[in-house]
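Some notes on the structure that comes next.
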Amino acid sequence: MELASITQPSRTSPSIPPVVGADLLVPLASGELIRYANLDHAASTPCLSAVQDAVNELLPWYASVHRGSGFASQVSSRVYESARQVLRAFVGAPATASVVFTRNTTDALNLLAHSLPEATTVVVFDTEHHAAMLPWRNPGTIRLQTPTSVDDTVGVLDTALAAAPAGPRVVVLTGASNVTGELWPVAELAAVARRHGARVVLDAAQLAPHRPIDITAWQVDYVVLSGHKVYAPFGAGALIGPADWLRSAEPYLVGGGATAQVTQQPHELTISWSDVPDRHEAGSPNVVGVHALAAACRALTAHRDAIGAHEAELLRQLRNGLATVPGLAELSLFGAPRVGVVSFAVERQDPGLLAAALSAEYGIGVREGAFCAHIATGRLLLRAGSAHQRAVRASLGLGNTVEDVERLVGALHVLSARGPQLRYAHIGGQWLPERDLRPWPAFAR
């Protein structure tokens with residue numbers, strides 16, 4: 001029997017929007033089939049069923065956008081452009097905010113870094129995801145060590161901005177840590193930035209799937225997010241914020257769409273660049289991905305209360321269960337409230353081997369590593385008394401059930417006491433069962 005055809009009903013609340021693959025059965029190393037417990041949503045979310053429906057609805061009409069005279073092209077153009085207002089509404093941005101569609105959060109942050117005025121001072125905390133910490137190559141970039149309390153974080157930013165040189169200033173903040181899930185005090189930090197004349201950039205990649213966003217109320221200037229984190233894994237993201245710096249910058253990519261006029265003199269091209277957002281969207285845009293992103297934003301907005309209650313209960317059960325596992329240390333920045341993300345280390349257990357055993361022996365998908373936040377993960381593991389530089393992360397989302405949480409906690413109890421039941425080999429940088437009967441689905445062979 002083909003793996004792709006095997007499913008089993010899950011037990012999620014009917015008020016929660018369904019996701020594709022929530023009922024997927026996966027093989028264990030023994031060959032037995034079990035419902036997949038996907039606890040890796042912080043890395044990438046599955047596709048909402050509503051998003052799948054929206055994509056299927058668009059595909060027969062898909063055509064080139066903006067300059068096509070055919071009716072299908074006009075439909076695709078209308079869908080693409082109307083998505084900008086959906087994104088503004090989703091993050092609480094004003095009608096004047098520019099929406100530039102990108103590939104993902106990383107792409108959006110690199111675009112903004114490319115567009116900063118000369119001599120801009122950038123202030124960023126060192127526990128950020130690499131996508132938020134590394135694009136800023138300005139000589140005046142200030143990387144702050146993250147304190148251990150929310151109040152101290154606000155004070156550290158205030159002190160740094162007070163000492164920063166005159167000129168344009170930008171503060172980069174995360175909405176929710178991708179290592180611990182903890183919520184950062186965005187509004188409080190933004191108020192400090194405003195007082196010092198700095199603009200604020202919010203990395204909402206981990207926040208957007210779990211909590212409503214209101215950048216107008218929070219006094220945030222720019223927000224970036226990824227479709228693959230909000231149940232729209234079709235390769236689109238967005239940068240939303242004021243157009244002035246984007247309008248003054250050279251195009252991020254050069255090509256069709258970014259140009260308003262190109263003429264040739266005997267030895268020189270004369271180029272007039274398009275206005276924002278076209279200026280930074282060169283090439284044929286990802287119409288399907290943008291439509292999927294807009295559909296996901298609509299669905300999440302319509303079900304925010306139910307999603308919040310569902311995830312809060314699962315997170316409560318997860319953290320309570322993990323607290324009962326001998327030798328398990330949960331990582332924490334501030335002890336602040338969090339979205340459904342928990343990273344941990346288990347005494348005497350290699351995190352890579354632990355994750356491999358959870359997959360091969362229990363059908364559970366988690367993430368192990370430093371989560372593209374090496375400084376944060378390393379510091380928190382040291383604080384937790386772990387000898388490793390990598391951790392295990394379990395992250396909740398739509399499609400998860402109480403059974404998923406119970407299976408993970410039960411598996412960790414067994415693994416912490418007795419270790420994996422199978423023999424594993426370290427091959428190509430990862431742990432794999434020495435005897436693995438798991439077949440690949442036909443399309444992946």
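The values are calculated or read from the model by the stated rules, or taken from the named source; none is laboratory data. Just so it is clear, the model here is predicted, and its values are computed rather than measured. Note that we place each Cβ from the backbone using ideal geometry, even for glycine, and neighbour counts take in every protein chain shown.
Quick notes
- The one condition in (1) in contact (Cβ under 8 Å) with a residue 60 or more places away in the chain; (2) touching a strand residue (DSSP E or B) at 6+ places or on another chain (Cβ under 8 Å) that V287 fails to fulfil: (2)
- A count restricted to the range 400-445 and to residues that are within 24 Å of the chain's Cα centre (by Cα) and at pLDDT 95 or above stands at 6.
- Where strands (runs of 3 or more DSSP E) fall entirely within the range 366-440, those with at least 2 residues that are under 23 Å from G340 (Cα atoms) are at 367-369, 391-395.
- Qualifying residue in the range 327-340 (condition: in contact with a helix residue (DSSP H, G or I) (Cβ under 8 Å, 6 or more places away or on another chain), surrounded by fewer than 14 Cβ atoms within 10 Å (Cβ to Cβ) and outside the structural domain of V150 (by TED's automatic domain parsing)): yes
- When the range 256-283 is filtered for residues that are of a type in the set (S, T, Y) and either in a strand (DSSP E or B) or closer than 15 Å to L58 by Cβ (or both), the ones remaining, listed by number, are T259, T263, T270, S272.
- Looking at the range 71-145, the helices (runs of 4 or more DSSP H) lying wholly inside it that each contain 3 or more residues that are free of Cβ contacts under 8 Å to residues at least 24 places away in the same chain and surrounded by fewer than 22 Cβ atoms within 10 Å (Cβ to Cβ) sit at 71-91.
- Candidate set: the range 357-378, residues that are aliphatic (A, V, I, L, M) and in contact (Cβ under 8 Å) with a residue 60 or more places away in the chain; chosen: the one farthest from H130 (Cα to Cα): A360
- Conditions (1) touching a residue at least 24 places away in the same chain (Cβ under 8 Å); (2) under 27 Å from D275 (Cβ atoms): number failed by A191: (2)
- Test: residue in the range 34-48 that is of a type outside the set (D, E, K, R) and without any contact (Cβ under 8 Å) to a residue 60 or more places away in the chain: no
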